[in-house]
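Coordinate-derived values only; no laboratory data. These numbers come from a predicted model, not from an experiment. Ideal geometry is used to build each Cβ from the backbone, glycine not excepted, and the neighbour counts take in all protein chains shown.
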Amino acid sequence: MHEPIISMVNVTKVFSGPVVALDEVTLEIGPGEWVAVMGASGSGKTTLLNLVGCLDRPTRGRVVLDGTDVGQLREGQLTELRREKVGLIFQQFHLIPYLTAVENIMLAQYFHSLADEAEAREALARVGLGDRLHHLPSQLSGGEQQRVCIARALINQPRILLADEPTGNLDEANELTVMEIFQRLHKDGHTIVMVTHDPHIGMLADRRIELDHGRLVPVHTHDLAGESSAATVRS
Amino acid sequence: MRFRFFLRLVQRSLANRIGKWLTAVLAVAMGASMVSAALTLAVGMRAKMSQTLRAYGANILLVPAAGPGRAQGTPGGEQLFANMPDSLLARLGEVSRGLPLVGYAPLLYAMAEIGSHRVALVGTWPDAMRQVNPGWRVEGGWIKGRDEAEEAVLGTSVAQKLGLTVGAPLTLSVQGRTRSFRVVGILSTGGSEDEQVLLTLHAAQELAGRAGQLSLIQVSALATDRPTEDVTRALEAALPGVVARTQLRLVMAEERLLARLSLLLGLMAGLVLVASGLGVAATMTTSVLERTRDIGLMKALGAGRTRVGRLFLAEAGAIGLAGGLAGAGAGVLLAQAIARSVFGAAVPLTPSPVLVSIGMGVVIASLASLIPVRRATSIEPGVVLRGE
């Protein structure tokens, strides 16, 4: 097996309260792998995604991203690692409302290196939005906004894509379009970690993991038609 | 390209919240207008004060050192007719090149008779007299040159008393010497000149039988570059036997008024600037709170603290610049209004108060934004994914 691109060892995250959001989670994800993170609301899925995306630090344990121990990094280094390695896709899209579609893509380029409008236009064309470049988010449908979000996540060619319920706010037709894009990205070799409630979406992934009250548990196979075994879980 | 996109971001952000930013711009404009007005008055009125003094007349009198205490106004008796040699004028001409003098006019006083009336006679250089006293009003004309032997200007009171008008013949006698003149103008100053008859210096010396003599010299000096006291000291040093007297009361009254006005405006500017800063701080804090998710997103996309801080400081700077520009213009207008009502004339425009108030607007807006910007840079990117 390849060296894991994402590795979590006995990771615990405690929020003030105290609330244990993740409890001793150990997990490895290989390069090019598509992993679906499943579980009920409040089970710790988003916290896991935040830690993998260098958006947060663990209270205990180690998170290693593409060979770099995240816990050892200062804030600036963490930002740089995220900028270079991670693309983020959100359920709520999170586009800047006063920037056009192409400007939202350029924003990610600007924070990474240089804003290149031609490249941003191409990225939108690749997700089928070549004719929506100068539309504001409010002028786009949910599916279109999500495709802008995907184009933004991909613009700096990150090795890891983290998606938080990417189809959670989409109708069936748009869900299909977006999942086709994910399948294409997977085929192109991107590592994808996707939080989802939807077992059918989860089925598209190479592997499914399930969280319950912050702990990794065996996947409930009865929810996954045709699925025969639990995901590889070490806890 | 990076800077161009940065400007585009700032422009889009400002345009998106234009209504809210306008409040902050207005706050800065108020502060900047007070700074601009205070500085315009402080800088401009110094020059204006000098102009005003010149309009009132000479601000220095040169009199004989052994002369009487009274040195201004209509001579009230023989003791005022102390003499100075008119050769002093040549020396003064040399000295004046190194001093900030507007001009100087020699005066010879004598008492003359017009029929049965006694009047004060003044001989002078007509052109220099007008230069030193630009505020004088004259009906008719003025004596054409320093060598004009037959023209006279009457003070308005003398003209009324004698029933003389422009063009009328005039016969003057001093101690048996009689000369004929023609009235070319009637002078009205509201001062002692209204009681006098003006001739050229040469004509007066001849008529009074005091060739080569002067009573005093009126000097008009600019107070902008050097204090008037410096000029009087220099004149006394250069002209032996002469005392230079300053019209101190007028100078000091104007300076006190200007100092008080500047202090008042300075205090108001300080208070309004503090209020402006608080207004900007409140607007920026609200903006940061409302844009928490946007800031979190930017950081999630890889923006460091510096990038986020720079963005907000640029917005604050733009607000400061807009407010500074508006305030500087308003301040100049305010200064003109104050100058017109207090000094009765406009102040000259200088670029420094405008530039300083624009700069002040930018600095105040930026300083007031430091705490909100610090708050913005501290927002964690995780808020986006957590949905907080």
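Computed values, structure above
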quantity	calculated
Antiparallel bridges, percent of DSSP beta bridges restricted to chain A (to nearest 5)	50
Lys/Arg +1, Asp/Glu -1 at C-beta; chain B dipole; positive extreme among B:V243, B:S369, B:V288	B:V288
Angle between chain B longest axis and helix B:351-378 axis [Cα atoms, degrees, rounded to 10]	20
Considering only the protein assembly as shown, percent of DSSP beta bridges that pair antiparallel, nearest 5	65
Hits among lysines - C-alpha to C-alpha of A:K45 under 25 Å, sequence gap 8 or more where chains match	A:K13, A:K85, A:K187, B:K299
Trypsin sites (Lys or Arg not before Pro) within segment A:72-148: DSSP coil, no more than 15 neighbouring Cβ in 10 Å	A:R74
Cα centroid of segment A:97-142 to Cα centroid of segment B:178-216, whole Å	89
Helix-derived mean residue ellipticity, 222 nm - over chain B, DSSP H n ≥ 4, -39500 (n - 2.57), to 500	-19500 deg cm²/dmol
Nearest-ten-degree value, helix A:101-112 long axis tilted from longest Cα axis of chain A	60
Placed amide H near A:G39: partners under 5 Å, 5+ positions off or other chain	A:L211
Environment charge of A:R147, counting only residues whose C-beta is closer than 13 Å and scoring Lys/Arg +1, Asp/Glu -1	0
Per-peptide average of other Cβ atoms within 10 Å, ordering A:205-216, B:331-342 highest first	A:205-216, B:331-342
Average other protein chain Cβ within 10 Å of Cβ, residues A:72-79	2
For chain A: relative contact order, % (alpha-carbon pairs under 8 angstrom, 6 or more apart)	28
Inter-probe distance in nm under a simple model that places probes 7 Å from Cα toward Cβ, at A:L176 and B:A259	8.8
Calculated FRET value between B:N16 and B:Q160, using beta carbons and R₀ = 60 Å, to 0.05	0.20
Packing-based ranking, highest mean first, of B:86-98, B:28-40 given that Cβ atoms within 10 Å are counted	B:28-40, B:86-98
Nonlocal amide H pairs with B:Q196, under 5 Å, H built at 1.01 Å	B:G155, B:V158
Label point distance in nm, A:L114-B:S180, each placed 7 Å from Cα along Cα→Cβ	9.7
Electrostatic dipole magnitude of the protein assembly as shown [Cβ: Lys, Arg +1; Asp, Glu -1; Cα centre; debye, to 20]	1680
Average beta-carbon neighbours from other chains, 10 Å sphere, peptide A:95-101	4
Label-zone membership for segment A:154-191, site A:S141, 7 angstrom Cα→C-beta point, backbone N under 12 Å	A:170-178
Estimated vicinal HN-Hα couplings, Hz - segment B:325-330 in sequence order (Karplus 6.51, -1.76, 1.60; Gly, Pro = x)	4, 4, x, 4, x, 5
Number of partner chain Cβ atoms within 10 Å, mean per residue of A:111-118	4
Cα centre as origin, Lys/Arg/Asp/Glu Cβ charges: segment A:63-140 dipole, Debye	200
Gained length - B:L267 relative to B:A345, 0.36 nm times residue gap less alpha-carbon distance	25.7 nm
For segment B:3-10, 3J(HN,Hα) per residue [Karplus equation, 6.51 cos²θ - 1.76 cosθ + 1.60, θ = phi - 60°, Hz, x = Gly/Pro]	5, 5, 5, 4, 4, 5, 4, 4
Trypsin sites (Lys or Arg not before Pro) restricted to DSSP loop in segment B:108-158 with at most 13 other C-beta within 10 Å	B:K144
Which of B:P348, B:T156, B:L201, positive extreme of dipole for chain B (C-beta unit charges)	B:P348
